[in-house]
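Data first, discussion second: the structure below is written as structure tokens.
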Amino acid sequence: MPLNHQIHLDNRPVGEALASNFKLVVSETPALQDGEVLVRHHFLSLDPYMRGRMNDAKNYAQPQPLGQTMIGGTAGEVVASSHDKFAVGDTVVGMGGWQQYSVVDANQVGALRKVDTTHVPLSAYLGAVGMPGVTAWYGLVKIIEPQAGQTMVVSAATGAVGSAFAALSKARGCRTVGIAGGPDKCRYAVEELGFDACIDYKTHADAASLSKALREACPQGIDGYFENVGGMVLDAVLSRMNAFGRIAVCGMIAGYNGAPVPMAYPSLILTNRLKVQGFIVSEHMEVWPAALKELGALVAGGQLRARESIAQGIEAAPEAFLGLLKGKNFGKQLVRLID
Ligand SMILES: NC(=O)c1ccc[n+]([C@@H]2O[C@H](COP(=O)([O-])OP(=O)(O)OC[C@H]3O[C@@H](n4cnc5c(N)ncnc54)[C@H](OP(=O)(O)O)[C@@H]3O)[C@@H](O)[C@H]2O)c1
């Protein structure tokens, strides 16, 4: 059995997460038991939710235990199998973690899913046709409930979730406006992702200035907002929401290191009769098949061309993850684990 390089959570962050919170460990892959499958990971997905798991705090999910391989989605191939439904060479996705190989009990429902790479590249199953894509789908379709002609806004617009949101929103005939950090991301949002406009929040010193830019980009006001960051961006969007608008609260990445992200004018929720709803995508498994079908078709048909930021080798995972929390990624952040 092959040697396996893994990244463990060694200690918990105090404030900002650091590379020293992680530790590289080399271990031997155990021999397969009946029903088990050995997967060689080609790609590891790095996602903002992992930051929350690093804390030992009350959350919707259990904290990542210390001294164990970091949790994470993976895509790869079966290289040995003691399960009759999985054969060597099958391409699969699962939650293999920050490591090169995983031994999976394939009898566990949902532990390993075979995927077809004929029209959709393997890595896309961790992004646009995976958890981030379904996240965009759930927030848009089930919470925002868009109608053709309405205006939708999403923050972290060029990321894994934001880019899928653009394709889904445009497919429903909505004016779709992004908010992202930097001119390159904004140009890409309009030229490649199909956004009607994109605002670079980094050029605005405060919510009032960003709100002015939103008024120009959204002349009919905002009917649906998909919230990924919080703070100043949320304040600015709230000031432009139409009556009976809907806000899907997906993420608040501006506060993931523990800094408070207060809302300046929560009374706007009342005066504009807004619906504001948080959600966790893994609690809505019933929508995954329909969402993945639409997302797969958008990727295969070229309407969703999501960009990827790919770090090379398991050793690169901690730095790539810390970069994601600072907006250094441009598109879905992955780590390639094969040469
Ligand atoms: N609720 C759920 O079930 C669920 C599931 C998946 C993801 N999420 C959430 O969805 C959001 C997007 O996730 P993703 O995987 O698509 O990540 P991503 O957008 O690919 O990457 C994160 C992006 O967040 C932005 N960002 C980072 N720090 C920021 C800050 N301090 N202020 C403002 N923006 C900041 C950066 O973009 P810019 O350079 O453009 O600022 C960065 O590229 C995250 O909040 C995540 O937690 C929630």
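The values are calculated or read from the model by the stated rules, or taken from the named source; none is laboratory data. What you are looking at is a predicted structure, and each value in this text was computed from that prediction instead of being measured. No Cβ is skipped: glycine too gets one built from the backbone with ideal geometry, and neighbour counts run over all protein chains shown.
Can you find a residue that is closer than 26 Å to S27 by Cβ and assigned to a strand (DSSP E or B) anywhere in segment 107-127?
Yes.
Got a sec? Which helices (runs of 4 or more DSSP H) wholly within segment 214-318 have at least 1 residues that are under 23 Å from the mean Cα position of the chain (by Cα) and closer than 19 Å to I199 by Cα? Steps first, answer last, please.
Values: elements: 232-238, 267-271, 288-300.
Correct list: 232-238.
Looking at (1) surrounded by 14 or more Cβ atoms within 10 Å (Cβ to Cβ); (2) within 16 Å of the ligand (Cβ to nearest atom), can you tell me which one I280 breaks?
(1)
Does at least one position in segment 108-130 carry a residue that is within 20 Å of V190 (Cα to Cα), within 13 Å of the ligand (Cβ to nearest atom) and touching a residue at least 40 places away in the same chain (Cβ under 8 Å)?
yes
What number of residues in segment 168-180 are aliphatic (A, V, I, L, M) and near the ligand (Cβ under 9 Å from one of its atoms)?
2
Yes/no per residue for (1) surrounded by 20 or more Cβ atoms within 10 Å (Cβ to Cβ); (2) within 30 Å of T74 (Cα to Cα); (3) among the β-branched types (V, I, T); (4) more than 10 Å from the ligand (Cβ to nearest atom):
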site: G133; (1), (2), (3), (4): yes, yes, no, no
site: K142; (1), (2), (3), (4): no, yes, no, yes
site: A166; (1), (2), (3), (4): yes, yes, no, yes
site: E192; (1), (2), (3), (4): no, yes, no, yes
site: D196; (1), (2), (3), (4): no, no, no, yes
site: C218; (1), (2), (3), (4): yes, no, no, yes
site: G231; (1), (2), (3), (4): yes, no, no, no
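For segment 319-337: of the residues being assigned to a helix (DSSP H, G or I) and more than 9 Å from the ligand (Cβ to nearest atom), which is surrounded by the fewest Cβ atoms within 10 Å (Cβ to Cβ)?
Filtering first and then ranking leaves E319.
Which one of these is more than 18 Å from L268 (Cα to Cα) and part of a strand (DSSP E or B): T176, T158?
Residue meeting the stated conditions: T176.
Can you tell me how many residues within segment 147-157 are more than 10 Å from the ligand (Cβ to nearest atom) and surrounded by 20 or more Cβ atoms within 10 Å (Cβ to Cβ)? Walk me through how you get there before you give the answer.
Our first condition is that a residue be more than 10 Å from the ligand (Cβ to nearest atom); within segment 147-157, this holds for 147-153.
Filter once more, keeping what is surrounded by 20 or more Cβ atoms within 10 Å (Cβ to Cβ): 150-153.
The number of residues fulfilling the criteria is 4.
Read through the list (1) over 16 Å from the mean Cα position of the chain (by Cα); (2) assigned to a strand (DSSP E or B); (3) not small (G, A, S), then give the number of the only condition that V93 fails.
The failed condition is (1).
Which residues, counting only those in segment 13-50, are out of contact with any helix residue (DSSP H, G or I) (no Cβ under 8 Å at 6 or more places or on another chain) and within 16 Å of the ligand (Cβ to nearest atom)?
G15, E16, Y49, listed by residue number.
Identify the single condition in (1) over 30 Å from F244 (Cα atoms); (2) at pLDDT 95 or above; (3) touching a strand residue (DSSP E or B) at 6+ places or on another chain (Cβ under 8 Å); (4) within 16 Å of the ligand (Cβ to nearest atom) that Q312 does not satisfy, given that it satisfies every other one.
(4)
Within 25 Å of E294 (Cβ to Cβ) and either within 11 Å of the ligand (Cβ to nearest atom) or touching a Ser or Thr at 6+ places or on another chain (Cβ under 7 Å) (or both) - does that describe any residue in segment 207-216?
We begin by selecting, within segment 207-216, every residue within 25 Å of E294 (Cβ to Cβ); these are none.
Looking through segment 207-216, none of the residues is within 25 Å of E294 (Cβ to Cβ) and either within 11 Å of the ligand (Cβ to nearest atom) or touching a Ser or Thr at 6+ places or on another chain (Cβ under 7 Å) (or both).
If A290 meets every condition in (1) within 12 Å of the ligand (Cβ to nearest atom); (2) at pLDDT 95 or above apart from one, which number is that one?
So the condition that A290 fails would be (1).
Tell me the residue from A207, A213, A217, A243 that is free of Cβ contacts under 8 Å to residues at least 40 places away in the same chain and over 17 Å from Q147 (Cα atoms), please. Break it down stepwise before answering.
Working: A207 fails: free of Cβ contacts under 8 Å to residues at least 40 places away in the same chain; A217 fails: free of Cβ contacts under 8 Å to residues at least 40 places away in the same chain; A243 fails: over 17 Å from Q147 (Cα atoms).
The match here is A213.
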